[in-house]
1. Which residues, taken from the stretch B:135-190, are closer than 17 Å to residue A:12 by Cα, outside any helix (DSSP H, G or I) and more than 12 Å from chain A (Cβ to nearest Cβ)?
2. Might you let me know whether the stretch A:77-84 holds any residue that is more than 7 Å from every other protein chain (Cβ to nearest Cβ) and over 60 Å from the mean Cα position of the chain (by Cα)?
3. All but one of (1) crowded, with 17+ Cβ neighbours inside 10 Å; (2) more than 13 Å from every other protein chain (Cβ to nearest Cβ) hold for residue B:73; which doesn't?
4. From the list A:9, A:42, pick out the single residue that is within 11 Å of chain B (Cβ to nearest Cβ) and assigned to a helix (DSSP H, G or I).
5. Does residue B:33 satisfy the criteria of being in contact (Cβ under 8 Å) with a residue 12 or more places away in the chain, within 14 Å of chain A (Cβ to nearest Cβ) and within 18 Å of residue A:68 (Cα to Cα)?
6. How many of the residues making up the stretch A:48-68 are surrounded by 13 or more Cβ atoms within 10 Å (Cβ to Cβ) and either at the interface with chain B (Cβ under 9 Å from one of its Cβ atoms) or out of contact with any helix residue (DSSP H, G or I) (no Cβ under 9 Å at 6 or more places or on another chain) (or both)?
7. Report yes if some residue within the stretch A:107-124 is more than 14 Å from chain B (Cβ to nearest Cβ), surrounded by 11 or more Cβ atoms within 10 Å (Cβ to Cβ) and at pLDDT 65 or above; otherwise report no.
8. Find the residue count for the stretch B:39-54, including only residues that are buried (at least 23 other Cβ atoms within 10 Å of the Cβ) and more than 10 Å from chain A (Cβ to nearest Cβ).
């Protein structure tokens, strides 16, 4: 086993043994081993033939001027690459400036597009329109309310006039609300009907106030106009009032006028 | 091919210092001094003259770039060899990726008149067979074989160039010789 290992190790020395590159000690070792080992001798023979073949191979020499031209050609390449690198460095240096500037400009342009005066104006206009819409909505509401209020007051006045025209007292007090048009008369069943109608109408008004603002305000007016003092009631009242007024004597008329003056109507 | 002796280190350092001081003559001197050695190291590895020429130029361009960073305690000759060997190995690997060695080349039948121990083979055929044999070697074994057989560099110097252990280099050399012998034997029937 040791002998086998030694032969394998000695095989590593054979190439240098053949080329004469071994030192004296290793050369003696191989000499002795070659005398004893046929396997090592066979390997030695094969390796020697290999080296013989390799040594016989002559590499084709390059042209004679090749060695003279090599250095200038190397310098040409170095110069060409230096120029190329220089130009590339210049380009890259320019790009180092251009790219950030372009980026800033692009950012500025985008910013301007996003925040342009037109957009700002349009946005402002939108805001204004929204505000106007909101304001107009409230104005419309207010106007509608005012109109409604005026109409209710007028109707209340008419009712009061009609009532007073029948010779009855106009009851004013905490229970009387011009806005709501609650008017009560002591002895007149018609007045009670009217008051009931007014109450109902006021309930309707209150209910309608709670509903949608914009459209319902107008509907509310119409409802009030038609429901608070219906035309046939007013017409009836006018005829009766006229006939009653015509039937009044002088004192009663004077008293009625005084009462009317006291009522601030 | 005459064996390459390790050049005078001091003279190399003078050239390096001159180049570092801006004197291009230092670089030119280094190129003239080592161009043949570098070329043949490469040529024996890549076989083809044009490839060897291109790689040699690339090696010296690399030297021109890197020489300013060269540490003076190092051996310029070893440094140059390392660059040349690495460039050649990289080239071989690239070529191998492009053109994998065909099995048919290895098993190509040899004409009867070639099987005479190679005595009657012309130089071109010998070169071709040796080239094929070397191409069967891994790049590192090729480099070691060339440095040890042709340039007769000592193992420790090859170990420095290849940045491997001496034992590893000895093993590389042994296996390279063995593989070449087996291939040549197969081809010419030694």
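1. B:165
2. Taking every residue of the stretch A:77-84 in turn, none turns out to be more than 7 Å from every other protein chain (Cβ to nearest Cβ) and over 60 Å from the mean Cα position of the chain (by Cα).
3. (1)
4. On the way: A:42 fails: within 11 Å of chain B (Cβ to nearest Cβ).
When all the criteria are applied, what remains is A:9.
5. Working: in contact (Cβ under 8 Å) with a residue 12 or more places away in the chain: yes; within 14 Å of chain A (Cβ to nearest Cβ): yes; within 18 Å of residue A:68 (Cα to Cα): yes.
When the stated conditions are applied, residue B:33 passes them.
6. We begin by selecting, within the stretch A:48-68, every residue surrounded by 13 or more Cβ atoms within 10 Å (Cβ to Cβ); these are A:48-54, A:56-57, A:59, A:62, A:66-67.
Now drop any that are not either at the interface with chain B (Cβ under 9 Å from one of its Cβ atoms) or out of contact with any helix residue (DSSP H, G or I) (no Cβ under 9 Å at 6 or more places or on another chain) (or both), which leaves A:49-54, A:56-57, A:59, A:62, A:66-67.
Residues in the stretch A:48-68 being surrounded by 13 or more Cβ atoms within 10 Å (Cβ to Cβ) and either at the interface with chain B (Cβ under 9 Å from one of its Cβ atoms) or out of contact with any helix residue (DSSP H, G or I) (no Cβ under 9 Å at 6 or more places or on another chain) (or both): 12 in total.
7. yes
8. 4
The values are calculated or read from the model by the stated rules, or taken from the named source; none is laboratory data. This one's a predicted model, so the numbers in the text were calculated from it and none came from an experiment. Note that each Cβ is placed from the backbone with ideal geometry, even for glycine, and that neighbours are counted across all protein chains shown.
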